[in-house]
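**Student:** If you scroll down you'll find the structure; I have some questions about it.
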Amino acid sequence: ETISTILARNWFVTTIRTIAVFLLILTVLTGLLGENSAYSNFNMTFFWIIFLLGLTYLSAFIGNLYSVVNPWKILVEWYEELMGSKVKGFMRYPKELAYYPALFFYFLFIWFELVGQTTPYRLSIILVQYTLITIAGTSVFGKEAWFKYGEFFNVFFQLIGKLAPVEKKEGKLYFRPPFVGLLKDKAEHFSLLLFILFMLSSTAFDGFRETTPWFRLYWRYIDDAVRPILGDSSYSIFQTIGLLLSPVVFLIIYLTLIALAKALAKSKQSLNELALQFAYSLVPIAFVYNVAHYFNLLFTEGPNIIRLISDPFGLGWNLFNTASYFDSIIVDANFTWHSQVALILGGHIAGVYLAHLIALHIFPSHK
């Protein structure tokens, strides 16, 4: 049997989908009932490292796996099968909303990651709330509309899946050159451009907030002025403002350069149209920034999951005889630095090449 045939088999798909829902439930329960420690609790390592980083990087190589294992969509589809009818909602999704709900939830998610000091218990509460929001969104606007525009993981992984050298057609898998999926269409709305820019800027912000200029800016010029008013939350508010402004800075730079390209190429298309045409060429850059910034965590924190599957609640269990396992992989600093440079350089080359192909297609001349 070919891989495509196996992947298409009902028993295989059903098994994978059941495991996905089980892992969501386990992630929530371990956070609510287990040890409230990131080191001892299954949910932090699984969600932030295995799911968020691991699935992102895997999807860039073999396609949008999240479309198969999305636990929230699976729960809705199980409900549809049980009731014998589709969840269509009772309101038409407003066109002007577009991807703004997904962008809003994406911002909140990154805020919880970078600023919110999330614990296992808080993460579980967030996931429960997100589940309720997803149920409400699908109930009001229908399954198709909400998972396209409102469920931000779906939007995120669809974009990452376009990088993959694999595509699915009529139930079969085919190889294609990497990044080509980004050329098949364009960003359909300004909100999707903002989503892509935030993919890039949020990672850049996470790096920038660890630099000396960032700390110098806050502690020399801002802390004394705002702490008497805002108290101990002043630094968190400062970071929140920085995170909010990060995509705006990138947007200004992006639109300025698009306007320059429009003028030089004497294009008659509007600035907004051109901005949407080139938006997908930013995805490889956003992706490699993410990999360069976070991939070490897969080696240093990822192996923890072997220990945690035996004791997911941190209660001293040893279900699979791996509770005493810990073998964090320390990556050589020299390798890390050179690989980061290579990744960022490669991502920019891919982005520029994609932009070049788009320009050849939409501009009236090679100039």
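**Student:** Out of the residues in the stretch 32-63 meeting the condition of being outside any helix (DSSP H, G or I) and out of contact with any strand residue (DSSP E or B) (no Cβ under 9 Å at 6 or more places or on another chain), tell me which one is least open to solvent (accessible area, probe 1.4 Å).
**Tutor:** Taking the candidates together, the pick is N41.
**Student:** Starting from the stretch 345-367, take each residue that is closer than 10 Å to V288 by Cβ and of a type in the set (K, R) and list its partners that are loosely packed, with under 13 Cβ neighbours inside 10 Å and modelled with pLDDT of 90 or more, counting only C-beta distances under 9 angstrom and pairs at least six apart or across chains.
**Tutor:** Close Cβ pairs satisfying both conditions: none exist.
**Student:** Also: For the list (1) modelled with pLDDT under 95; (2) out of contact with any Phe, Trp or Tyr (no Cβ under 7 Å at 6 or more places or on another chain); (3) open to solvent by 60 Å² or more (accessible area, probe 1.4 Å), I need the number of the one condition that I306 fails.
**Tutor:** Unmet for I306, out of (1) modelled with pLDDT under 95; (2) out of contact with any Phe, Trp or Tyr (no Cβ under 7 Å at 6 or more places or on another chain); (3) open to solvent by 60 Å² or more (accessible area, probe 1.4 Å): (2).
**Student:** Looking only at the stretch 337-356, which residues are in contact with a helix residue (DSSP H, G or I) (Cβ under 6 Å, 6 or more places away or on another chain) and either polar (S, T, N, Q) or more than 16 Å from A286 (Cβ to Cβ) (or both)?
**Tutor:** Hit for the stretch 337-356 is Q340, nothing else.
**Student:** Can you name the helices (runs of 4 or more DSSP H) wholly within the stretch 136-239 that have at least 2 residues being surrounded by fewer than 14 Cβ atoms within 10 Å (Cβ to Cβ)?
**Tutor:** 190-208, 212-216, 223-230
**Student:** Report the residue count in the stretch 240-287 for those that are surrounded by fewer than 16 Cβ atoms within 10 Å (Cβ to Cβ), among the small types (G, A, S) and not in a helix (DSSP H, G or I).
**Tutor:** So the answer is 1.
**Student:** Search the stretch 86-98 for residues that are open to solvent by 100 Å² or more (accessible area, probe 1.4 Å) and pair each with any residue that is not small (G, A, S) when their beta-carbon atoms are under 6 Å apart and the residues are at least 6 apart or on different chains.
**Tutor:** Pairs that qualify, where the first residue is open to solvent by 100 Å² or more (accessible area, probe 1.4 Å) and the partner is not small (G, A, S), are K86/E80.
**Student:** Which residue pairs have Cβ atoms under 7 Å apart, sit 6 or more places apart or on different chains, and have a first residue in the stretch 207-225 that is within 13 Å of F238 (Cα to Cα) and at pLDDT 90 or above and a second that is part of a helix (DSSP H, G or I) and open to solvent by 80 Å² or more (accessible area, probe 1.4 Å)?
**Tutor:** W214/F208
**Student:** For the stretch 22-29, state whether one or more residues are in a helix (DSSP H, G or I), over 22 Å from F147 (Cα atoms) and either open to solvent by less than 60 Å² (accessible area, probe 1.4 Å) or at pLDDT below 90 (or both).
**Tutor:** Applying the first criterion (in a helix (DSSP H, G or I)) to the stretch 22-29 yields 22-29.
Restricting the remaining residues to those that are over 22 Å from F147 (Cα atoms) gives 26, 29.
Filter again for either open to solvent by less than 60 Å² (accessible area, probe 1.4 Å) or at pLDDT below 90 (or both), leaving 26.
Yes: one or more hits.
**Student:** Can you name the number of the only condition in (1) without any contact (Cβ under 8 Å) to a residue 60 or more places away in the chain; (2) open to solvent by 80 Å² or more (accessible area, probe 1.4 Å); (3) assigned to a loop (DSSP other than H, G, I, E, B) that S328 fails?
**Tutor:** Of everything listed in (1) without any contact (Cβ under 8 Å) to a residue 60 or more places away in the chain; (2) open to solvent by 80 Å² or more (accessible area, probe 1.4 Å); (3) assigned to a loop (DSSP other than H, G, I, E, B), S328 misses just condition (2).
The values are calculated or read from the model by the stated rules, or taken from the named source; none is laboratory data. In this text the structure is predicted, and so the values were computed from the model without any measurement. Here the Cβ is made from the backbone with ideal geometry for all residues, glycine too, and neighbour counts use every protein chain on show. With ligands, DNA and RNA removed, areas are computed over all heavy atoms of the protein, side chains included. Shrake-Rupley method; radii C 1.70, N 1.55, O 1.52, S 1.80 Å.
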